[in-house]
1. Under a 10 Å cutoff between Cα atoms, tell me which one of L123, L148, L71 has the largest fluctuation in the Gaussian network model of the chain.
2. Starting from the 7 Å offset along Cα-to-Cβ, what nm value, one decimal, do you get for the label separation of S52 and N94?
3. Report the semi-axes of the equivalent ellipsoid for the range 61-173 in whole Å, largest first, where each axis is √(5λ) for an eigenvalue λ of the Cα gyration tensor.
4. If you average the C-alpha positions of the range 231-263 and of the range 122-185 separately, how far apart do those two centres end up, in angstrom?
5. Just from its helices, what would the mean residue ellipticity at 222 nm be for the chain, if runs of 4 or more DSSP H residues each count -39500 (n - 2.57) and the sum is divided by every residue, rounded to the nearest 500 deg cm²/dmol?
6. Give me the accessible area per residue for the chain, probe 1.4 Å, as a whole number in Å².
7. Residue by residue through the range 265-270, what is 3J(HN,Hα) from phi via Karplus (6.51 cos²θ - 1.76 cosθ + 1.60, θ = phi - 60°)? Round to whole Hz and write x for glycine and proline.
8. Mind scanning K62/K177; K82/K151; K160/K200 and naming the pairs with a C-alpha gap bigger than 30 Å?
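The values are calculated or read from the model by the stated rules, or taken from the named source; none is laboratory data. No experiment lies behind these values; they were computed from the predicted model shown. A quick note on method: Cβ atoms are made from the backbone with ideal geometry, for glycine too, and the neighbour counts reach across all protein chains shown. Remember, those area values only see protein heavy atoms, side chains included, never the ligands or the DNA or RNA. Shrake-Rupley method; radii C 1.70, N 1.55, O 1.52, S 1.80 Å.
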Amino acid sequence: MSLRDALRIDPGSKVDLASIDPDGTPGLPRRRRADKRWGRAELDVLGLQLASMQERLFATAKVTGSRRRVLLVLQAMDCGGKDGTVRKVAGTMNPQGLTIVGFGKPTPEELAHDFLWRITRALPGPGQVGVFNRSQYEDVLVARVHKLVPKRTWQARYRKINEFEAAQAADGVTILKVMLHISRDEQHKRLAERLADPTKYWKYNPQDIDERALWGDYQAAYSDALSACSTAVAPWYVVPADRKWYRDWAVATLLRDTMADLDLTYPPAEFDVATELARLG
Ligand code: AMP
Ligand code: MG
């Protein structure tokens, strides 16, 4: 079974996050379960494959005008590892072909528009690999948990998101949605680490403790979002994320397999090579 098959939320199925072990290592043989060294070495190999496919995607768009692009959507509870995943997985690729966007609390300008306005503007351009650090899903997660909008509003958003993603897919965007799934204990550990290390204070937000108190509400909101918005064209994957090395290996593998499906090749020369060699002398 491929890693995608092991981690995918089947479209139409009902997700219960509580049934997925955040400390698990699906897709790895038992002997690798604690093998961080192996995981890190594999990540290096995956990184080279990602960079190679990214270059072919970039080159094809540049030469042929193809609109193909890839979008990795990352969602997680606080301390779930979104930033680390960007660094370790996206960090293997050429910055020139990457479009990385983080979504925070909407600005007044963004609030004046539909919730998908800022998302649409942030989509990767042709040939780019985009990464969303948080996404349109915040509008059915934090917006629901904190009652920022009425229930009927966030409920209607699942369908709007599905339609939006289907339209993007039809326009050449290959969408890979990953939820990094950590346990409540792991979040505690990581928050404590931030508070114990002055070089990590900048990552800490006193609000994180308030959000932590709403853990159950968030897990329910995540379960519903994953259930409602895992579609054939843009499925959700849940990656157990208590082990950072497994998380990075799994996200990189999902991205590698997703990009491999695109059969990316280098564009052929749009000039006569022999003629150009002769001209070069
Ligand atoms: P961070 O990722 O740590 O920089 O935090 C970003 C914050 O912005 C988180 O608390 C998110 O819940 C919040 N945020 C992101 N998108 C939205 C949204 N659409 N509505 C309200 N808050 C949001
Ligand atoms: Mg934060």
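1. L148
2. Between S52 and N94, the simple spin-label model gives 1.5 nm.
3. So the three semi-axes of the range 61-173 are 26, 18, 12 Å.
4. Result: 16 Å between the Cα centres.
5. That calculation yields -14500 deg cm²/dmol at 222 nm.
6. Details: 14150 Å² over 281 residues.
I get 50 Å² per residue for this part.
7. Running phi through 6.51 cos²θ - 1.76 cosθ + 1.60 with θ = phi - 60° gives 10, 6, x, x, 5, 9 Hz.
8. K160/K200
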